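First up is the structure itself, then whatever we jot down about it.
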Amino acid sequence: MSKIRDEILSVNAKYAEEFGEKGRLPMPPGRHFAILTCMDARLDPAKYAGLAEGDAHVIRNAGGRASDDAIRSLVISYKLLGTREWFVIHHTDCGMETFTDEVMRKLLRSSLKCAAIDAGGWHDAGGGGGSAEGEMISWLTISDQSQSVLEDVQRIRRHPLVPRDIPIHGYIYDVHTGRLIDVPQATAAGRAEPHAA
Ligand code: ZN
């Protein structure tokens with residue numbers, strides 16, 4: 001039996017008991033916006049941005065990067081579900097700053113077991129399989145948070161499937177204070193053109 005599974009099901013039973021009117025929420029987000037952010041366990045977009053069920057789309061991946069799949073979700077978010085304003089939120093102390101494509105590929109090639117990090121970087125425990133398949137994935141690592149937010153806002157802004165009247169805001173969440181820090185150059189790059197298609 002999994003302890004985590006038991007914990008989740010126990011909490012869920014209570015949540016469902018008090019679900020009430022939330023069962024009647026419509027599918028489109030009530031506040032018409034979407035957040036693209038990192039999967040980091042310290043980030044809780046519902047809390048840091050004040051979201052209730054039904055309010056907004058939250059798209060998460062490692063780094064909160066504007067990957068092809070994140071853009072797929074954003075396009076569905078506006079085209080079919082009516083969001084009109086987007087946020088790209090990366091954060092301080094992101095794990096994606098601790099390695100490069102080269103490091104990740106080398107670790108995966110040598111072993112599928114968990115790697116460990118110390119002052120010298122990531123090290124492989126060795127002894128468990130290993131695959132060259134990591135070469136086929138762009139890991140979308142981050143070397144500078146402001147730059148990664150800017151690049152992702154720019155990529156979304158320039159995407160041919162994204163209408164130019166959707167504003168895209170760029171922020172960094174500070175894991176030590178819980179505060180959202182504006183990345184002005186990203187928000188400038190993501191500015192909407194109200195009269196454009
Ligand atoms: Zn992160």
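Values computed for the structure shown
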{"item": "Residue satisfying condition, being surrounded by 15 or more Cβ atoms within 10 Å (Cβ to Cβ), touching a helix residue (DSSP H, G or I) at 6+ places or on another chain (Cβ under 7 Å) and either in the same structural domain as Ala41 (by TED's automatic domain parsing) or not in a loop (DSSP other than H, G, I, E, B) (or both), within set Ala186, Ala192", "result": "Ala186"}
{"item": "Residues within segment 60-114 that are farther than 16 Å from His159 by Cβ, basic (Lys, Arg) and either in contact with a Lys or Arg (Cβ under 8 Å, 6 or more places away or on another chain) or within 10 Å of the ligand (Cβ to nearest atom) (or both), tallied", "result": "1"}
{"item": "Ile4 being free of Cβ contacts under 8 Å to residues at least 40 places away in the same chain, more than 26 Å from Asp165 (Cβ to Cβ), within 16 Å of the ligand (Cβ to nearest atom) and of a type in the set (A, V, I, L, M)", "result": "no"}
{"item": "Filter result (of a type outside the set (Phe, Trp, Tyr), touching a residue at least 40 places away in the same chain (Cβ under 8 Å) and either away from the ligand (no atom under 16 Å from the Cβ) or under 15 Å from Gly82 (Cα atoms) (or both)) within segment 22-41", "result": "Met27, Pro28, Pro29, His32, Ala34, Ile35"}
{"item": "Cβ-Cβ under 7 Å pairs, at least 6 apart or on other chains, segment 56-84 side closer than 14 Å to Gly30 by Cβ and not assigned by TED's automatic domain parsing to the domain that holds Arg155, far side in a strand (DSSP E or B) and polar (S, T, N, Q)", "result": "none"}
{"item": "Which listed residue is loosely packed, with under 14 Cβ neighbours inside 10 Å and either under 22 Å from the mean Cα position of the chain (by Cα) or not assigned by TED's automatic domain parsing to the domain that holds Ser67 (or both), from Ser143, Ser148, Ser111", "result": "Ser143"}
{"item": "The lone exception for Arg155 - which of (1) more than 14 Å from the ligand (Cβ to nearest atom); (2) of a type outside the set (A, V, I, L, M); (3) surrounded by fewer than 16 Cβ atoms within 10 Å (Cβ to Cβ); (4) closer than 21 Å to Ile172 by Cα it fails", "result": "(3)"}
{"item": "So Arg105, is it under 30 Å from Met27 (Cα atoms) and not in a strand (DSSP E or B)", "result": "no"}
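The values are calculated or read from the model by the stated rules, or taken from the named source; none is laboratory data. Keep in mind that this is a model prediction, so the values were computed, not measured. Reconstructed Cβ throughout: ideal geometry from the backbone, glycine too, with neighbour counts over all protein chains shown.
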